[in-house]
1. Within the range 128-145, track down each residue that is open to solvent by 60 Å² or more (accessible area, probe 1.4 Å) and either under 21 Å from ALA21 (Cβ atoms) or not hydroxyl-bearing (Ser, Thr, Tyr) (or both).
2. Hey, GLU108 hits all of (1) open to solvent by less than 80 Å² (accessible area, probe 1.4 Å); (2) at pLDDT 80 or above; (3) not basic (Lys, Arg) but one; which does it fall short on?
3. Would you check which residues across the range 4-37 are in a loop (DSSP other than H, G, I, E, B) and either touching a helix residue (DSSP H, G or I) at 6+ places or on another chain (Cβ under 7 Å) or under 17 Å from TYR58 (Cα atoms) (or both) and list them?
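The values are calculated or read from the model by the stated rules, or taken from the named source; none is laboratory data. What you see is a predicted model, and the numbers here were worked out from it, not measured in a lab. We place every Cβ from the backbone using ideal geometry, glycine too, and count neighbours over all the protein chains shown. Please note that ligands, DNA and RNA were not included when accessible areas were found on the heavy atoms of the full protein model with its side chains. Shrake-Rupley method; radii C 1.70, N 1.55, O 1.52, S 1.80 Å.
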Amino acid sequence: MAAVDFDTFVAARWQRLTRTAFLLTGDHHEAEDLVQDTLAKACPHWARIRRLDAPDAYLHRAMVNNSFSRHRRRRARQLLMPWVPEPAQPAATAQVEQRSALLQALDELPPRQRAVVVLRYWEDLSERQVADVLGCSTGNVKSQASRGIAKLRRHRALAGYAATGSTEAQR
């Protein structure tokens, strides 16, 4: 890993970083901006970062911290519509509606809970890895995850999915 240059590392990790950033921000454009800002800050320090045991974890932590900073600085929230403006396709809309409801509920979680839920359940990081990324204890990760999942289960946009017992809606 220590011999990997910055361009190669970014090319290999871009999609994963962008997906995580999207889940943190709820917007594709803002996600790409978040990843670019994080990578722009990391690039001058790449010689040191690439020698770390887990450069991925370092970049995830930097991205989460940048997300928190961007969230604090944000003056006006963007209005994300929970539906697609095209005519509905009955077979395909159920999955889109479910994902939209989940993203709406995820967007309403506090930033720290959202980060824990995204890293723990979408990125499939262990509690220890999430704690390392966020710089907190595993107990804090467990409690934040528990509270976040509980809020998602109670969220009005997901009420119909929770009643059917869909595991995707509960994630």
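1. ARG128, GLN129, ASP132, LYS142
2. Unmet for GLU108, out of (1) open to solvent by less than 80 Å² (accessible area, probe 1.4 Å); (2) at pLDDT 80 or above; (3) not basic (Lys, Arg): (1).
3. Within the range 4-37, VAL4, ASP5, GLY26 qualify.
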